[in-house]
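See structure below.
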């Protein structure tokens, strides 16, 4: 399938106009546009603008709610639990992180739980919000959908979703460290990107409905459904379980079992976030010294074939920085994604808001 180079800032404006036409307030439209386009910029196309048709399905179904504010369920000193009211995740998660950051600045540390939010997108975005405030962030996240997507290690039927684990560590004297990955071998959205682009998924990442390994992404979209595998076999499985229990059950959110599967389109995320101010530990100088020495030592390793292809040993977050530099002016979108966005423009215009132009007009 062909790819088209789309100018980055006009695409951001197009997404903002689309959500304004759908009925989002200006700030909400800006937040969702920034988040989705920034995900593409960071190289995570699975969580970028290709999600828009899925969001429209959830809006049309009455499940995803626009212009929602988080509700405070618990405010107990440094501990906070918030309800997203099925609001647009890029907005309610931003609100939740802002409140959690305020708590961490007040107390030095904060535990913030956000439950019942519609899809909150790339979790690394929220770690970046915390790091911009000088805070360390650790996130445990689960997801709820119509059906589970990931098979547990040792099983051939899906039982949970991709349950990401995320850590952001700011540095005063160097690039921040950002770890952000799904506990599945690949994200479900990356399988969707492969499907849209007419490509295969990597070996060892997907099984078909009979539990047989396959590289065909249709196995996790067409009936009878197969499943994604967990990364690193039992290790990804164990971490996914922890993300489900801490990210959802611990904060009063719904965990992934049949009683809570969605009846229609839409994705619910629950997220538990630990935030703390490293300055308050009084170890900033030694941290910067030891972090720099350790990173330099690790990156001094001679490159193997992988390192030669990457340009050396990378640190967590380097891949995203390299992608942002490469995509700063223009980014590639496959024709399948562009067609989905063109349909979204028609649907948004038909809802009674301002007309939204065909995004394919941005090509060139």
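No lab work stands behind these numbers, since they all come straight from the coordinates. All figures in this text were calculated on a predicted structure; none of them were measured in a lab. Here the Cβ positions follow ideal geometry from the backbone for every residue, glycine too, while neighbour counts run over all protein chains shown.
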Quick calc: nm separation of the 7 Å Cα→Cβ label points for residue 257 and residue 354 -> 4.9 nm
Highest mean packing first, using Cβ neighbours within 10 angstrom, the peptides 6-15, 224-233 sort as 224-233, 6-15
Subtracting the Cα-Cα distance of residue 309 and residue 9 from 0.36 nm times their residue separation yields 105.0 nm
Out of 277, 318, 304, a Gaussian network model of the chain with alpha-carbon springs under 10 Å gives the largest mean-square fluctuation to 304
Length gained, residue 153-residue 281, 0.36 nm per residue minus C-alpha separation, equals 42.2 nm
Ranked by GNM mean-square fluctuation in the chain (Cα springs under 10 Å), the top entry among 284, 129, 95 is 284
So for R0 = 30 Å, FRET eff. of residue 297-residue 232 from the Cβ-Cβ r, to 0.05, ends up at 0.80
Taking alpha-carbon centroids only, the range 162-197 lies from the range 249-272 a number of Å equal to 21 Å
So residue 329 and residue 290, fully extended at 0.36 nm per residue minus their Cα-Cα distance, gain in nm 10.4 nm
By the Cα gyration tensor axes a ≥ b ≥ c (a/c under 1.5 gives rounded; else a/b larger than b/c gives prolate, otherwise oblate), the shape of the range 59-177 is oblate
Summing -39500 (n - 2.57) over every DSSP H run of at least 4 residues in the chain and dividing by its residue count gives a helix-only mean residue ellipticity at 222 nm, to the nearest 500 deg cm²/dmol, of -12000 deg cm²/dmol
Given a Förster distance of 51 Å, the FRET efficiency implied by the Cβ-Cβ spacing of residue 343 and residue 79, rounded to the nearest 0.05, works out to 0.70
Expected max-MSF residue from 47, 119, 260 in the GNM of the chain (alpha carbon, under 10 Å) is 260
At R0 = 45 Å the Cβ-Cβ FRET efficiency linking residue 363 and residue 218, nearest 0.05, sits at 0.95
In vacuo Debye sum over C-alpha of the chain, base-10 log of normalised intensity I(q)/I(0) at q = 0.07, 0.08 Å⁻¹, listed in q order, is -0.30, -0.40
If each part is reduced to its alpha-carbon centroid, the range 42-57 and the range 278-349 end up apart, in Å, by 18 Å
